[in-house]
Amino acid sequence: MVLVCGQISREEHPNMETKTFQVKGMHCASCANIIKRKLEKLDGVSTCAVNFGTEKAEVAFDATKVDLPQMNEQVSKLGYTLNDTEVGKSSEYPQITSENQAKDQKLKELEEMRQKTAFVMPIAAVVFLLMLWEILAHSVAFLPTFPLSMDAFNRASFILATPVMFWIGRPFINGVVRFIKYRAANMDTLVGIGTLVAYFYSSIMLLFPEIKSLLNAPEGLYYDVTIVVIGFITLGKYLEAKSKLKTGEAIEKLLGLAAKFAVVVRDGEEIELPIGQVVVGDTIIVKPGQKIPVDGEISSGKSSIDESMITGEPIPVDKTVGDTVIGATINKHGAFQMRATQVGGQTVLSQIIKMVESAQGSKAPIERIADQVSGIFVPIVLVFAVVMLFLWTIVGSQFMPFSQSLSLGLISFVGILVIACPCAMGLATPTAVIVGVGKAAQNGILIKNAESLEKFQSVNFVVMDKTGTITNGTPSVTDIKVTSNIAQKKILQLLASLEKQSEHPLAQAVVGRAKDERINFLSVSNFKALEGKGLEGTITGTHYFAGNLKLADDLGLTVDTNHIKKLTSQGKTPVIFATKKTILAYIAIADTIKDDAQEAVAALHKLGIKVAMLTGDNRRTAEYIAKQVGIDRVIAEVLPGDKANEVKKLQDEGYKVAMVGDGINDAPALATADVGVAMGTGTDVAIESAGITLLGGHISKLPKAIRLARTTMKVIKQNLFWAFFYNVVGIPVAAGALYPFIGIMLNPAIAGAAMAFSSVSVVTNSLLLKRYKI
């Protein structure tokens, strides 16, 4: 349950700041609505979002006009407390301290609820069985008569109901008091009014028999209703709270990944420091098997790093000098030194946690239905319950004895109040969002907000940028055609030794291939870069040339035009390796297709989604790559500024479009699409513009993300359906709609049990998402 109001502009309100507060005392969807309305009334509060699922409130306010004590003064009289999540945060990973404190508080509250539940449930269970016995004894012939006299049963129930009502039921009584004093009604108000009416009516009838005789009231009283309703709802609240703790396990696991200490070199000595004392620029020693403490860059040594916690990919990544490493990933092999570049809240892990927290607390458009209903639900139910009490008692007495109509009126009144509690409605969306976003994060998929999650499930056309999305984004050697009697490995050694002297990206591709094949480099003399053509140099007495067709023309060499045409048609760049007299080999260099690109496109097709490739490359190259991958539509030779327009054209055709990209020039298209998807290996601008980020740059995560989004939305719709269905059907039955036809009234005790377990079922259904394999 998230309630949001208004929008603000920092430019218009320079003193505005936004803070997230832990909320204590929220029990239901209407609680969120009450807190929102009360905070909105404060001068200086511009916007607020109260999330029943995460029990947090995000408030945008002018700090010069209002502060936390003033906010608490407004809501504390209603039984709620705002706690600043910034207070006590550790400097190493800012979320850890506040999250742990919140969890400790929840565990303490859970233990108190467990003790109350352990006390009340045995009593409620026995009373419930006796109540069923008493009901069935009148209609089932083989069932023995009720074992107690009704007078004895009523007196025993009075003794048991009193501590249940005034100790276990204290939150419900407080809800009634707040309603009387401040006109703020929530679930506790409904249950409190219903159970208090049942308790005090029964006590008056029991303690003042003359009134009972005067009204000719029935012998049976309603202590059992008070006991069973409070018992089952207390059990339901306990189970709900226990289940809700599990929905946040993804954040807890992310927090648990952080290293606690680091071995830092200071003044020539190795000292172990808490993470909070590490600063940017520190040299850190990382040994095999250790967690990397913070984000940084390897300054000496090499290793293999398990980055599965970031990317979701199990295969370790080789790292060497100059490579970046991420805090909380695990050093599998080899020791190395690194220079800290990001610490505290700036680390990748911290940013991921912030994004996941923000998404879990955000609001999906579908939730507005529940918001709107819950906002007016409780007052309407109160009025409806009073009207039905009046109709049964006054109008009903025209058709039946007053004692019977009064009894039916009370049953209807209490039943309506109990069964109408909108808890399940408020839990339907946020619990599923919390679990779905957490599940995605554990698989290397970051979802920025619930709106992106909801839109993602309806996507039917995916547009992919070519470079860095479908392809690796870096050139590599794809073909070596030897045209001399020199072995291919020797050709590669000679060429790589020559290219090693150059910084050109094509040269780096050749050098990279040689390193992959563990080829030793030879010394080069007389090296010279030939601008716009290539390069030359002498190796072991022979002068070699490497370059393009223009260089071959200058040397007067005859090239294989058919082979060159074949390479260029495939989008490959030909490099000619030669001496002054002859061409030794043709080398083709291209941006290679990612290993998982074809698999990803096939998986999208299975989901009924069309795929287009968007690129600035020439159409022939683009179509060759598209054919290899299995893409449906090619949009080629597009200028960077026109990418957003191409996305808009698809939207105008009626498609729900997801744009996948990684570069700065993709940012406008990512923002234009219904959902923008950024590759985690891309630029910060692209990631900021996108609603979803695929960590590690693995495009195969895209269909997984869509499947998870669809499943999460399916669970939300299931939750909302059963929550609405329960209230829509339950309230008329509790009001007595069936009584004139088949003589059935919904017993408030059964209504209480149903209401409690409806909330638990919604949370449990959401938790099933954790078992979903994407």
**OP:** Return the residue satisfying two criteria in turn: it lies in the stretch 497-521 and is open to solvent by 50 Å² or more (accessible area, probe 1.4 Å) and touching a helix residue (DSSP H, G or I) at 6+ places or on another chain (Cβ under 6 Å), and of such residues it is modelled with the highest pLDDT.
**Re:** F521
Original post:
Within the stretch 180-196, can you find the residues that are of a type in the set (V, I, T), open to solvent by 10 Å² or more (accessible area, probe 1.4 Å) and either closer than 16 Å to T226 by Cβ or in contact with a strand residue (DSSP E or B) (Cβ under 6 Å, 6 or more places away or on another chain) (or both)?
Top reply: I193
**OP:** Could you tell me which residue of the stretch 154-179 is surrounded by the fewest Cβ atoms within 10 Å (Cβ to Cβ), considering only residues that are among the hydrophobic types (A, V, I, L, M, F, W, C) and within 11 Å of V120 (Cβ to Cβ)?
**Re:** W167
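Among the residues of the stretch 24-43, how many are over 15 Å from F377 (Cβ atoms) and open to solvent by 10 Å² or more (accessible area, probe 1.4 Å)? Before you say what the answer is, go through the steps one by one.
Here is the first cut: in the stretch 24-43, the ones over 15 Å from F377 (Cβ atoms) are 24-26, 35, 38-43.
Then drop every residue that is not open to solvent by 10 Å² or more (accessible area, probe 1.4 Å), which leaves 24-26, 38, 40-43.
Number satisfying all stated conditions: 8.
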Original post:
Within the stretch 544-574, how many residues turn out to be of a type outside the set (A, V, I, L, M) and either open to solvent by 50 Å² or more (accessible area, probe 1.4 Å) or in contact (Cβ under 8 Å) with a residue 60 or more places away in the chain (or both)?
Top reply: 14
Original post:
Among the candidates K65, K38, which residue alone is of a type in the set (K, R), modelled with pLDDT of 85 or more and assigned to a loop (DSSP other than H, G, I, E, B)?
Top reply: K65
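Kindly check whether there is at least one residue in the stretch 208-218 that is open to solvent by less than 30 Å² (accessible area, probe 1.4 Å) and at pLDDT below 80. Walk me through it before giving the result.
Pass one, the stretch 208-218, residues open to solvent by less than 30 Å² (accessible area, probe 1.4 Å): 217.
If we keep only those that are at pLDDT below 80 too, we end up with 217.
Yes, that holds for at least one residue.
Using the structure shown, decide if A529 is of a type in the set (A, V, I, L, M), open to solvent by 70 Å² or more (accessible area, probe 1.4 Å) and in contact with a strand residue (DSSP E or B) (Cβ under 6 Å, 6 or more places away or on another chain).
Values: of a type in the set (A, V, I, L, M): yes; open to solvent by 70 Å² or more (accessible area, probe 1.4 Å): yes; in contact with a strand residue (DSSP E or B) (Cβ under 6 Å, 6 or more places away or on another chain): yes.
Judged against the criteria, A529 is a match.
Restricting attention to strands (runs of 3 or more DSSP E) lying wholly within the stretch 256-308, give those where 2 or more residues are hydrophobic (A, V, I, L, M, F, W, C) and touching an Asp or Glu at 6+ places or on another chain (Cβ under 7 Å). Show your work before the answer.
Working: elements: 261-266, 269-274, 283-286, 295-301, 303-306.
Qualifying strands (runs of 3 or more DSSP E): 261-266.
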Original post:
If you check I625 against the conditions, is it under 14 Å from V463 (Cβ atoms) and at pLDDT 85 or above?
Top reply: no
**OP:** Go through L584, L567 for me and flag whichever is modelled with pLDDT under 90 and farther than 17 Å from K701 by Cα.
**Re:** L567
Original post:
Which strands (runs of 3 or more DSSP E) does the stretch 431-505 wholly contain that include 2 or more residues that are free of Cβ contacts under 8 Å to residues at least 24 places away in the same chain?
Top reply: none
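Scan the stretch 729-742 residue by residue and report those that are open to solvent by less than 100 Å² (accessible area, probe 1.4 Å) and over 18 Å from F413 (Cβ atoms). If you could, list the steps in order and put the result at the bottom.
As a first pass, look at the stretch 729-742 and keep what is open to solvent by less than 100 Å² (accessible area, probe 1.4 Å): 729-740.
Scanning the stretch 729-742 gives a single hit, V729.
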**OP:** State whether the residues of the stretch 651-659 include one that is out of contact with any Asp or Glu (no Cβ under 9 Å at 6 or more places or on another chain), at pLDDT below 90 and open to solvent by 70 Å² or more (accessible area, probe 1.4 Å).
**Re:** no
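Out of L129, L82, L148, L136, report the one residue that is modelled with pLDDT of 80 or more and either of a type in the set (G, A, S) or surrounded by fewer than 20 Cβ atoms within 10 Å (Cβ to Cβ) (or both). Break it down stepwise before answering.
Details: L82 fails: either of a type in the set (G, A, S) or surrounded by fewer than 20 Cβ atoms within 10 Å (Cβ to Cβ) (or both); L148 fails: modelled with pLDDT of 80 or more; L136 fails: modelled with pLDDT of 80 or more.
So the residue among L129, L82, L148, L136 that is modelled with pLDDT of 80 or more and either of a type in the set (G, A, S) or surrounded by fewer than 20 Cβ atoms within 10 Å (Cβ to Cβ) (or both) is L129.
Given the criteria open to solvent by less than 20 Å² (accessible area, probe 1.4 Å), closer than 25 Å to S569 by Cα, out of contact with any helix residue (DSSP H, G or I) (no Cβ under 6 Å at 6 or more places or on another chain) and among the polar types (S, T, N, Q), does T615 qualify?
Working: open to solvent by less than 20 Å² (accessible area, probe 1.4 Å): yes; closer than 25 Å to S569 by Cα: yes; out of contact with any helix residue (DSSP H, G or I) (no Cβ under 6 Å at 6 or more places or on another chain): no; among the polar types (S, T, N, Q): yes.
Criteria not met by T615.
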**OP:** Go through (1) assigned to a helix (DSSP H, G or I); (2) hydroxyl-bearing (S, T, Y); (3) open to solvent by less than 10 Å² (accessible area, probe 1.4 Å) one by one and return the number of the condition T693 breaks.
**Re:** (1)
**OP:** Six or more apart or on different chains, Cβ under 9 Å: which pairs go from a residue in the stretch 53-76 that's farther than 20 Å from M26 by Cβ to one that's surrounded by fewer than 22 Cβ atoms within 10 Å (Cβ to Cβ) and among the polar types (S, T, N, Q)? Could you list them?
**Re:** D62/N15; D62/S46; A63/N15; T64/N15; K65/N15
**OP:** Considering (1) of a type in the set (S, T, N, Q); (2) touching a Ser or Thr at 6+ places or on another chain (Cβ under 6 Å); (3) surrounded by 24 or more Cβ atoms within 10 Å (Cβ to Cβ), say which one S412 fails and leave the rest.
**Re:** (2)
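The values are calculated or read from the model by the stated rules, or taken from the named source; none is laboratory data. Source: prediction; values computed, not measured. Heads up, the Cβs are rebuilt from the backbone with ideal geometry, glycines too, and the neighbour counts pull from every protein chain shown. Side chains are part of the model used for accessible areas, which takes the heavy atoms of the whole protein and leaves out ligands, DNA and RNA. Shrake-Rupley method; radii C 1.70, N 1.55, O 1.52, S 1.80 Å.
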